[in-house]
Amino acid sequence: MGTSTANVVEILALLILLQSVSSFCNGDNFNGSCIKTEREALVKFKSSLLNNSNSLPSWVGDDCCRWDGVTCDDINGHVVELVLSWASIMGNISLHLGNLSNLQYLDLSMKPSLAIHSLHFPSSLKYLNLSYVLLDKCDNWLQSINMLPSLLELDLWNCELSIIADVSHVNFTSLEVLNLGWNNFHSTIPRWLYNITKLQNLVLHSGPFRGSLSTDISNLKSLASLDADFNSLEGNIPNTLNRLCNLIELYLGYNKFSGEISGTFGNSSGCIKNSLENLYLLNNSFSGSIPDNLGQFKRLKFLSLSKNSFWGSIPVSIGQLYNLETLNFSKNSLHGKVSELHLLNLRSLIELSMGGNSLVFDIDPEWIPPFQLSSIDLSSCEVGPSFPQWLRTQKSIRFLEMSNASISDNIPDWFENISSNIVSLDLSYNQLFGTLPTFRKLNITYANEYRIILLKSNQFDGFLTCSHFDATILDISNNLLHGQIPQNLSEMMPSLQLLSLSNNYLNGTVPATLCRSGSLQILDLSNNHLSGRIPSCWGNLPSLTVIDFSSNMLSGDVPMSLGSQESLVSLHLQNNTLQGKIPMSLRNLESLETLDFSMNAFDGFIPSWIASYGENVQVYVKGIELEYTRTLRFLYSIDLSGNNFVGEIPQELMNLSGLQILNLSTNKLDGHIPWNIGKLSSLESLDLSENELSGSIPFSISDLNFLSHLNLSLNHLSGRIPKGNQLQTLDDKSIYIGNDGLCGPPLNNCSDDADELPKGHEKGGTRRKDDSEIVWFYGGMGMGFAAGFVGVCSILYFNDSRRCAWFGLVDRVYNKLWVTIAIKANQVKRKFLRNKLEGNA
């Protein structure tokens, strides 16, 4: 009986198979090995693309199953997969693939030039990837996808979607993977999303979504990974999250979450502690203490709570996370001691980051850690005063940051033994002393990586030798180094890109061999005792952007070859003894943004081409210590003070509408202040003091609405001081002192006939608008005076009585004027002596 039944089943199965083959071979629906209607659907799709003849070159012939990107079922010949992520297709199309009735896998990803404004898919679809396809004009995307009951994976990453309205009925009953990241939603997380109970992987990264994370998140019982980084989510993390017993990865970084996390991760009854491996909560506003029972999350591999406001001490239970590979508590408000108990069983640890806290590391010098770290950040923690001895066991260190770590010690000899893998070292802002450490050449594994060595602001002394370093970026500024800069520096460090030796006691000359450092970008030798001439070999450094030789004892001319550095952005030569004229070759520096030649002995005229770069020209401000790396984009100023420049202020400077600071003080400039100085609408500080400028102060200076510092003292200016706008707040008399012809607030009041500049000005130069009228006026007055004088003299010559009376009158007026002048002179002299005595007191 059993055998008979089995035979019947086998016969039925054979009949079904024969029927399928018959249907497959039917000439009405099948052509070779490709279904005719499906081929027609693919041809129609291709024809809708731009440049369709070249987009899919293999899509020719009758057998569509042989076309690139098309996969057919081996049995029935239906198209089941369409993968075109490799193809270069573009266009603005309606995607209607409903005729591909057996299609299960569709991948059109990585097509930023493909825009779809309407969608229609076969209900058989299980995998849909439209990432990097423009769907911003497709209003029906959600409704279309909601008609796919078999869909398992949906990827809509970076589709510029902006509409994510709620739907009345969600049909994503089978969906396991959903990626909505990197779009333009700017909305709350839709409530229907919390009803996709089979969801395992949810990506909301950079939605961006706002609002809170709903307590309904606990409905997603199958969720294994949640990525909601880089949104504007706020409020507390719902405690119901700890009920997700399958959650392995949780990424909530770079949001606005706040409050404590103890309710979610400090609850011992929650099952999340048994599954969670990756926990990223960095860059939020969380506060409170780190939960004591975090050590119960035994599966944790990556734990990052950095850039929050956590306070209190670090729980000792952290030391029990034996699977932990990354521990990052940096940039919080944590305090207290960290001992070897906090690190006791972290045998898998690779990255340790505690920097930016007030932690005190109290570790036994003899302790041998159970781990081999690759990255250590203890900056701004109290690690010292001794250099940590436990580091001698760490043979795999690549990144070591211990800046501002209260270390007052020399670097031990054993440090050289662990240096061969170090690609980044920052020991700045400590009190390290003794000679500079010696580094071994980089391990061959990391030979192509940059090596960064930052030792600035310590107390290293002795000589600088090339055997100390093999670096791409080297900063040993603000130490006590002396001696000469090695001549073979460029040979020993051929990949050098940044060299900063500023604020030391180095002497000798600037090595000409630096001109052979072909990769050099930033060179800072400022504030040393360097002397001699600047080398004239600056022609083969195509990447050089910054040169700072300021505050040395360099002499001679500025070399013409500096003008060949087309990438030069910042040039600092201030406070040396350089002389001569500014070379014309510098006008070729089209990328120049920062220029400081102040406090030298330059002479000649201020070149007009200095202003030919508009707002791109930028010069360092005299007397203000600012680092170019932090201020370059904010600083717009010109400082040529403290030189011997002569002539007038170039009219071209008035074209710099973005200029914020102009300092031409302590030169020998003459002529008038440009009439249109008010065009410098962004000016905040103007210093023209200690020159030989004359004439009136232009009324347009009152148009400088941002002006907060003004110094026009010690010139030959005259006339009425302009009023109005920002000038009303600049009421310090010292601004105008040393200009005897000036009057008006804040100085003495003007007489009724005081010279006052009219509101109109001549645009051709620094003359006032009525200068030509004044010339004609005085010319006519001269001729009239001559005629009158001849007439008077004729009368006096021929009339004796009138002649005697006239000269008697002249004598009386002369005596009266002489007495008046003598009295005034004595008064001024007494006042001057009194002020001098008061000043000395």
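State the number of residues belonging to the range 657-716 that are open to solvent by less than 10 Å² (accessible area, probe 1.4 Å), in a loop (DSSP other than H, G, I, E, B) and β-branched (Val, Ile, Thr).
Number of matching residues: 2.
So, in the range 106-132, how many residues would count as being open to solvent by 10 Å² or more (accessible area, probe 1.4 Å), of a type in the set (D, E, K, R) and closer than 25 Å to SER206 by Cβ?
Selection size over the range 106-132: 1.
Within the range 261-283, does at least one residue satisfy the condition of being modelled with pLDDT of 95 or more, part of a strand (DSSP E or B), hydroxyl-bearing (Ser, Thr, Tyr) and farther than 11 Å from SER304 by Cα?
Within the range 261-283, not a single residue is modelled with pLDDT of 95 or more, part of a strand (DSSP E or B), hydroxyl-bearing (Ser, Thr, Tyr) and farther than 11 Å from SER304 by Cα.
Here are some conditions: (1) more than 19 Å from GLY207 (Cβ to Cβ); (2) open to solvent by less than 10 Å² (accessible area, probe 1.4 Å); (3) in contact with a Lys or Arg (Cβ under 9 Å, 6 or more places away or on another chain); (4) aliphatic (A, V, I, L, M). MET90 meets all but one. Which one does it not meet?
It fails just one condition, (2).
Restricting attention to the range 289-299, does a residue exist that is modelled with pLDDT of 95 or more and surrounded by 22 or more Cβ atoms within 10 Å (Cβ to Cβ)?
Checked the range 289-299: at least one residue is modelled with pLDDT of 95 or more and surrounded by 22 or more Cβ atoms within 10 Å (Cβ to Cβ).
Which one is most open to solvent (accessible area, probe 1.4 Å), of the residues in the range 433-460 that are of a type outside the set (Lys, Arg) and in contact (Cβ under 8 Å) with a residue 40 or more places away in the chain? Even if it seems obvious, please write down each step before you answer.
Initial filter on the range 433-460 (of a type outside the set (Lys, Arg)): 433-439, 442-450, 452-455, 457-460.
With the extra rule that they be in contact (Cβ under 8 Å) with a residue 40 or more places away in the chain, the set shrinks to 436, 446, 450, 454.
Numbers: LEU436: 6, TYR446: 50, TYR450: 131, LEU454: 44 Å².
Restricting to residues being of a type outside the set (Lys, Arg) and in contact (Cβ under 8 Å) with a residue 40 or more places away in the chain, the top hit is TYR450.
Using beta carbons and a limit of 9 Å, which pairs, at least six apart or on different chains, have the first residue in the range 246-258 and within 17 Å of GLY288 (Cβ to Cβ) and among the hydrophobic types (A, V, I, L, M, F, W, C) and the second one open to solvent by less than 40 Å² (accessible area, probe 1.4 Å) and assigned to a strand (DSSP E or B)?
Qualifying pairs under 9 Å: LEU252/LEU226; LEU252/ASP227; LEU252/LEU233; LEU252/LEU279; PHE257/LEU233; PHE257/GLY235; PHE257/PHE286.
To keep it simple, each residue is scored yes or no on (1) farther than 17 Å from LYS126 by Cβ; (2) surrounded by 14 or more Cβ atoms within 10 Å (Cβ to Cβ).
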position: ASP74; (1), (2): yes, no
position: GLY77; (1), (2): yes, yes
position: VAL80; (1), (2): no, yes
position: ASN99; (1), (2): yes, yes
position: GLN104; (1), (2): no, yes
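Conditions: (1) modelled with pLDDT of 95 or more; (2) under 21 Å from SER131 (Cα atoms); (3) out of contact with any Leu (no Cβ under 6 Å at 6 or more places or on another chain). LYS198 meets all but one. Number of the miss?
Answer for LYS198: the failing condition is (2).
Name the residues in the range 321-341 that are part of a strand (DSSP E or B) and crowded, with 18+ Cβ neighbours inside 10 Å, would you?
The answer is THR326, LEU327, ASN328, LEU334, VAL338.
Name every residue in the range 113-129 that is closer than 17 Å to LEU100 by Cα and in a loop (DSSP other than H, G, I, E, B), in order of residue number.
Passing the criteria: PHE121, PRO122, SER123, SER124, LEU125, LYS126.
For the range 602-656: of the residues being in contact with a Gly (Cβ under 6 Å, 6 or more places away or on another chain) and either closer than 17 Å to ILE677 by Cα or loosely packed, with under 13 Cβ neighbours inside 10 Å (or both), which is modelled with the lowest pLDDT?
GLU615
Just checking, which of LEU180, LEU154, LEU175 is open to solvent by less than 70 Å² (accessible area, probe 1.4 Å), of a type outside the set (Val, Ile, Thr), more than 11 Å from LEU142 (Cβ to Cβ) and at pLDDT 95 or above?
LEU175
Taking the residues in the range 555-581 that are touching a residue at least 60 places away in the same chain (Cβ under 8 Å) and under 20 Å from LEU514 (Cα atoms) as candidates, determine which candidate is surrounded by the fewest Cβ atoms within 10 Å (Cβ to Cβ).
VAL569
Which of (1) part of a strand (DSSP E or B); (2) hydrophobic (A, V, I, L, M, F, W, C); (3) farther than 13 Å from ASN503 by Cβ is the odd one out, the single condition ALA471 does not satisfy?
Looking at each condition in turn, ALA471 falls short on (1).
Just need a number here: residues in the range 222-241 that are open to solvent by 10 Å² or more (accessible area, probe 1.4 Å) and assigned to a helix (DSSP H, G or I).
Total meeting the criteria: 2.
Considering GLY384, GLY356, which residue is on the phi > 0 side of the Ramachandran plot and not hydroxyl-bearing (Ser, Thr, Tyr)?
GLY356
Quick check on this structure: which one of ILE397, ILE376, ILE407, ILE318 is open to solvent by less than 10 Å² (accessible area, probe 1.4 Å), modelled with pLDDT of 95 or more and part of a helix (DSSP H, G or I)? Walk me through how you get there before you give the answer.
Values: ILE397 fails: part of a helix (DSSP H, G or I); ILE376 fails: part of a helix (DSSP H, G or I); ILE407 fails: part of a helix (DSSP H, G or I).
Just a single option satisfies the conditions, and that option is ILE318.
So for the range 256-275 (the condition being open to solvent by less than 10 Å² (accessible area, probe 1.4 Å) and under 18 Å from SER353 (Cβ atoms)), does at least one residue qualify?
No, there is no match, as no residue in the range 256-275 is open to solvent by less than 10 Å² (accessible area, probe 1.4 Å) and under 18 Å from SER353 (Cβ atoms).
The values are calculated or read from the model by the stated rules, or taken from the named source; none is laboratory data. If you're wondering where the values come from, they're calculated on a predicted model, not measured in any experiment. All Cβ positions, glycine included, derive from the backbone under ideal geometry; neighbour counts span all protein chains shown. We work out accessible area using only protein heavy atoms, side chains counted, and drop any ligands, DNA or RNA first. Shrake-Rupley method; radii C 1.70, N 1.55, O 1.52, S 1.80 Å.
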